[in-house]
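Every read-out reported here was derived from the displayed coordinates using simple, explicitly stated rules and does not represent laboratory data. From a predicted model like this one, the values you see are computed outputs, not experimental measurements. Backbone-built Cβ (ideal geometry, glycine too); neighbour counts: all protein chains shown.
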């Protein structure tokens with residue numbers, strides 16, 4: 001289909017980790033065979049616990065990190081054959097912490113116009129005008145043009161980061177935890193801004209977040225990651241209304257809505273996150289799964305298509321888990 | 001440890017102020033804060049960064065930076081004065097009768113000592129016990145906080161544990177002496193959502209079991225709603241509203257509390273993709289003296305009177321619910337309504 005702007009096919013990224021003094025290096029499979037399609041105009045959210053490979057995947061999609069295996073395509077062209085500048089014209093990131101992602105020695109104006117300089121924009125005379133336009137779009141007052149990041153509040157800094165990402169008019173924006181370093185009242189401003197910009201500029205977002213309330217609010221599609229695999233992918237309404245994978249269910253249950261009549265949820269997730277250097281056999285989630293069956297620990301589940309999405313779980317495998325579905 | 005035959009009030013703080021000299025004048029990060037916690041009760045202090053919630057807890061523990069100056073009408077722990085009693089006496093109380101759990105367990109555990117060492121030290125500093133007894137108590141508490149194979153964990157170092165386990169160790173350490181009061185400053189902020197739920201569960205269970213008072217400091221309204229008995233909302237150095245969790249979440253009085261609740265997307269309630277509420281403007285500087293309501297510059301219901309005089313924390317119509325806003329305060333409220341009608 002032509003409306004797929006970014007596609008990952010069976011992508012794997014392995015890091016070699018030092019095993020200790022005089023010991024051989026060990027492989028860490030941060031991303032392990034992921035298929036992902038992002039369509040024009042959608043907001044795809046990637047959720048999962050820390051260490052599940054969300055950020056590694058985002059870096060590969062930005063062309064900052066080559067995959068060990070598999071292929072990545074931007075508008076149908078393989079990313080590894082494209083040069084950096086071309087990727088940067090189409091895909092831009094917004095990072096989590098606006099306190100560390102902005103150079104403290106540079107003025108706001110030069111931070112925002114740097115992408116124009118890097119792209120070798122022909123007409124420096126228009127830079128100031130374009131910066132003013134984008135600053136107005138993201139709600140930054142003009143007077144901060146000559147200020148430095150330390151003079152701005154957290155929300156304003158995140159607006160600078162957004163302005164910098166958008167000045168070259170990319171089509172895809174990868175937001176890695178865009179609001180988790182911000183206060184509640186500022187978070188809502190930034191979420192509103194991201195929504196407005198999406199409508200106004202026709203942007204496509206990949207949002208990485210562990211805050212499921214934010215994800216539910218923004219996303220049109222959701223991919224749930226666990227230990228380097230996407231265990232469930234679905235459109236947002238279906239996933240939030242009827243999560244299928246036991247891990248998706250547990251994640252949704254652990255969202256703390258501000259309702260004083262409910263207590264602290266018990267997610268039954270038991271032991272902590274497994275060591276990614278020493279992956280469990282079979283289904284990776286089985287040591288924490290309350291519905292684990294005997295063959296879960298030996299056989300890795302297949303990818304089972306479900307409507308528009310898919311789930312990786314033996315419970316939904318018609319050949320083996322029929323009986324369990326009913327319970 | 002035997003239950004002390006005291007009344008049920010564990011902590012009583014009245015009119016606490018903190019002042020810190022800074023280059024531009026005097027910073028007043030905590031102003032006129034009054035709190036109380038009963039035995040077995042959880043008080044959540046909620047507010048955005050810079051509202052003074054962490055400094056309030058440090059002031060109670062007497063752990064402020066040395067150039068900070070604190071004043072207070074009253075500060076009692078289970079009926080005993082703990083204000084300006086000297087560093088010696090205070091360090092006898094800290095970790096014994098009240099203890100603290102910090103946000104980032106990696107930085108608050110000593111990386112050079114084993115878990116067992118650090119747990120035992122917490123007890124041996126305050127009690128005359130043998131190292132065997134201390135070890136036994138450490139194992140007992142590690143099991144209590146849900147750590148399996150506790151005995152073998154004692155020889156491990158903090159870096160060998162995951163974030164969730166480290167936070168459990170911190171909680172066990174805070175419980176070593178059986179404190180009356182536990183202050184948890186953002187205990188789950190550095191953790192994953194799934195682990196967060198487990199740690200909150202644990203804190204709630206332990207608090208019930210050991211009948212402690214607990215102050216939980218957080219910026220996460222979801223956490224507050226699920227665990228708090230009572231809530232104190234702080235803004236710009238002041239407590240602006242205190243009430244039961246039910247009162248704060250279902251009938252918030254202060255415009256700031258209401259604004260804050262509008263800002264968060266609530267699954268199932270907020271329409272997907274709809275605009276969220278926002279509180280325009282920024283937090284005022286707390287350097288120097290401030291006239292009038294601290295929220296005045298961002299308040300959607302501002303009146304002239306709000307800027308004229310300092311506003312006290314006064315009871316609202318419901319018992320136990322206090323609010324620092326003219327809108328909700330007796331004759332003033334009537335006067336303002338009248339004024340609003342004229343203008």
Seminar exercise, completed: Shielding of B:40-49 by other chains, given as the mean Cβ count within 10 Å, works out to 2
Exercise. For residue A:128 and residue B:208, FRET efficiency with R0 = 56 Å and r from the beta-carbon atoms, rounded to 0.05?
Worked result: 0.35
Seminar exercise, completed: For residue A:64 and residue A:106, extending 7 Å from Cα along the Cα-Cβ vector and measuring point to point gives, in nm, a value of 1.4 nm
Exercise. Want the number for residue B:49 to residue B:314: 0.36 nm per residue separation, take away the alpha-carbon distance, what's left?
Worked result: 92.9 nm
For this session: Considering the convex hull of the alpha carbon atoms of the range B:192-343, report its projected area averaged over all viewing directions, in nm², one decimal.
Result: 11.8 nm²
Problem set entry | Projected-area mean, the range A:4-326, by convex hull of Cα positions, square nanometres | 19.8 nm²
For this session: Starting with the highest mean, order B:191-198, B:155-162 by the number of other Cβ atoms within 10 Å, averaged over the residues of each peptide.
Result: B:191-198, B:155-162
Problem set entry | Separation of alpha-carbon centers, the range A:204-276 and the range A:18-90, rounded to whole Å | 21 Å
Seminar exercise, completed: Expected sort for A:260-268, B:57-65, B:253-261, A:31-39 on mean C-beta neighbours within 10 Å, highest first, is B:253-261, A:31-39, B:57-65, A:260-268
For this session: Treat each spin label as a single point 7 Å out from the Cα along the C-beta direction, and report the residue B:22 to residue A:3 distance in nm.
Result: 5.1 nm
Seminar exercise, completed: Shielding of A:247-259 by other chains, given as the mean Cβ count within 10 Å, works out to 6
Problem set entry | Pairwise FRET efficiency - residue A:18 versus residue A:266, Cβ, R0 = 51 Å, nearest 0.05 | 0.85
Seminar exercise, completed: For peptide B:255-264, the mean count of other chain Cβ atoms within 10 Å per residue Cβ is 3
Exercise. If r is the Cβ-Cβ distance from residue A:201 to residue B:269 and R0 is 30 Å, what FRET efficiency results, to the nearest 0.05?
Worked result: 0.55
For this session: Arrange the following residues from fewest to most other Cβ atoms within 10 Å of their Cβ: B:73, B:220.
Result: B:73, B:220
Exercise. When the helix-only estimate is applied to the protein assembly as shown (DSSP H runs of n ≥ 4, each -39,500 (n - 2.57), divided by the residue count), what is the mean residue ellipticity at 222 nm, nearest 500 deg cm²/dmol?
Worked result: -9000 deg cm²/dmol
For this session: Just need log10 I(q)/I(0) for the range A:232-286 at q = 0.18, 0.21, 0.26 Å⁻¹, Debye formula, equal scatterers on the alpha-carbon atoms, no solvent, rounded to two decimals.
Result: -0.78, -0.94, -1.11
Problem set entry | Cα gyration tensor shape of the protein assembly as shown, rounded if a/c is under 1.5, else prolate or oblate by comparing a/b with b/c | oblate
For this session: Using only Cα atoms, find the angle between the long axis of helix B:131-144 and the longest principal axis of chain B, and express it within 0 to 90 degrees, rounded to the nearest 10.
Result: 50 degrees
Exercise. Going by alpha carbons, how many degrees (0 to 90, nearest 10) lie between the helix axis of B:115-124 and the longest principal axis of chain B?
Worked result: 80 degrees
Seminar exercise, completed: In degrees, nearest 10, the alpha-carbon axis of helix A:184-201 is tilted away from the dominant principal axis of the alpha carbons of chain A by 80 degrees
